[in-house]
Amino acid sequence: MYIVIVGGGKVGYNLAKLLLAEGHEVLLIEKDKSKIGPLSNEFGESFLEGNGSRVHVLREGGVNRAQVLVATTGEDEENMVICQIAKAVFKCPRTIARVNDPNNESLFSRLGVNATVSSTRLIDSLIEEQVEADDMVIPLVTLRSGNVEIIEVAPSPTSAIIGKKIAEIHLPEGAIFITILRGEKMIIPKPDTTFMVDDKVIALVKKEVEQALREVL
Amino acid sequence: MIRVVILGSGRVGSSLAGEMAKLGHRIILVDQDTSKFKNLDENDRIERLTGNIFDDEVASAAFSKGVDVFIVVTGKDNVNLMAAQAMQQKYKIPRVLVRVFDPVLSDVYEGLGLETICPTKYAIEVMLKKLQSQ
C-alpha cells in the first residue's frame with residue numbers, strides 16, 4: 001500500500017518506521033527545517049521536505065496515487081486542511097487525522113475526514129484494519145497483545161434491545177459495553193441506562209464472541 | 001442593520017469593524033490577543049471578545065445572540081479555514097467570508113462551497129493592470 005504521512009514529529013516518525021517495517025511504500029513529509037536533516041538521512045527516498053498543507057507539495061508527494069493519507073502534525077487546523085485537500089484535489093480514498101483537541105473530533109468527521117485518532121499504534125491499526133465507514137460493525141482497535149477488539153455497533157431501529165435497560169440485556173461471555181453514543185453525547189453505561197433508537201455502542205469484545213454480540217444487538 | 005462577527009482584529013479585521021460600525025451595523029470582534037484591539041476606534045456598536053473561538057464558551061458568546069455574517073481574517077490560512085467551517089456548521093450562519101492568502105488553497109475551498117477572498121490574487125491583478133497601463 002502507498003501511504004503518505006504528513007508531520008515528522010514523534011507520531012509521524014514512529015508511524016513511518018512501523019509501516020516501512022511492515023513492507024508498505026511510505027512517504028513522510030515535514031516542513032520544519034530543524035527536523036529535515038535527520039529525517040532525510042534516515043528515510044532517504046521516503047522523505048519529502050515541504051509544507052503538507054500546500055497543494056503543490058502533496059502533488060509532488062504523489063498523493064493522487066496514495067491509498068491512505070495520515071496527517072499527524074501538532075496543529076488540528078493543519079491536519080484538517082491536509083485531509084480536505086487530499087480528498088478534494090487528489091481523491092485520496094482514506095484520510096486519517098491526528099486530533100490534538102478532543103473537542104474537534106466530531107467536527108473532523110462531519111467535514112469528511114475518515115478517522116481521527118491520537119496515537120501511533122491506533123493509527124497503525126486503523127490502516128491495517130482497512131476500516132469501512134459504512135460497515136455496521138467498525139473494528140476501531142484490535143489490541144495486539146490479545147485476541148480482543150474494540151468495536152462500534154449501530155443496532156438497527158428494530159433491534160430487540162431498544163427500550164431495554166442494560167441490566168436486562170444478556171451479553172455473551174467476553175463482551176462488555178464501554179460507552180453508548182447518543183448524538184453528540186457519550187454516555188457511560190449503568191445498569192439502568194435505557195437503549196434508544198439511533199444509539200451506538202462501543203464495546204470491548206473477544207474476537208470469538210463478536211458474532212454472538214452482533215446477534216444480541 | 002446586520003449582525004457581524006469578525007475573527008481576527010489585525011489591520012483588516014479592526015478597520016472593517018470600524019467601517020461597518022459607521023454604516024450602523026453591530027459588530028463582535030474576536031481575537032485571542034488583547035493587545036490587538038488597541039488599533040480600534042471606540043465605538044459602542046463594536047463589542048470586543050477576547051479568547052479562542054474554538055472554545056465553546058467563546059464561540060457561544062460570539063454567535064448565540066444570532067449572526068448574519070461571519071468574517072474570518074486571522075493571519076493563518078489553516079486557522080481561518082477550520083474556524084469558518086466549524087462555526088458555519090455549528091451555528092448555521094447564513095454567510096461566511098474567509099480570507100485565504102494562498103491562491104491555490106483559495107480555489108480549492110471555493111470549489112468546496114466556501115466564500116473565499118484571496119488578497120494575493122487581488123494584489124497580482126492590480127499590479128499587472130498598473131504595469132500594463134504604463
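Bear in mind that the values in this text are calculations on the coordinates, not laboratory data. Please read all numbers here as calculations on a predicted model, not as lab measurements. Ideal geometry is used to build each Cβ from the backbone, glycine not excepted, and the neighbour counts take in all protein chains shown.
Taking every Cα-Cα distance in region B:3-133 and sorting them into 5 Å bins starting at zero, the pair-distance distribution P(r) comes out as 2, 11, 21, 22, 19, 14, 7, 3, 2, 0, 0 percent.
Relative to the dominant Cα principal axis of chain B, helix B:119-133 is inclined by about 30°.
Expressed as an acute angle from 0 to 90° and rounded to the nearest 10, what is the orientation of the C-alpha long axis of helix B:77-91 relative to the principal long axis of chain B? Compared with the principal axis, the helix lies near 50 degrees.
Per-residue ellipticity at 222 nm computed for the protein assembly as shown from its helices equals -10500 deg cm²/dmol, with DSSP H segments shorter than 4 residues left out and the rest contributing -39,500 (n - 2.57).
Where the alpha-carbon atoms of the protein assembly as shown are placed on the principal axes, they occupy 79, 52, 32 Å, in descending order. Electrostatic bookkeeping for A:Leu69 treats Lys and Arg as +1 and Asp and Glu as -1; over the other residues with beta carbon under 10 Å from its beta carbon, the sum is +2. Considering only alpha-carbon pairs that sit under 8 angstrom and 6 or more positions apart, the relative contact order computed for region B:3-133 is 20 percent. Could you let me know the centre-to-centre spacing of region A:60-86 and region A:153-176, using Cα atoms, in angstrom? Value for the Cα centre distance between the two parts: 38 Å. Between helix B:11-22 and chain B there is an angle of about 60 degrees, using the helix long axis and the longest principal axis of the Cα atoms.
Equivalent ellipsoid of region A:2-129: semi-axes from √(5λ) of the C-alpha gyration tensor, largest first, are 20, 15, 14 Å. Averaged over peptide B:75-87, the number of partner chain Cβ atoms lying within 10 Å of each residue's Cβ comes to 5.
Considering all different alpha carbon pairs of region B:13-74, the Kirkwood hydrodynamic radius works out to 12.0 Å.
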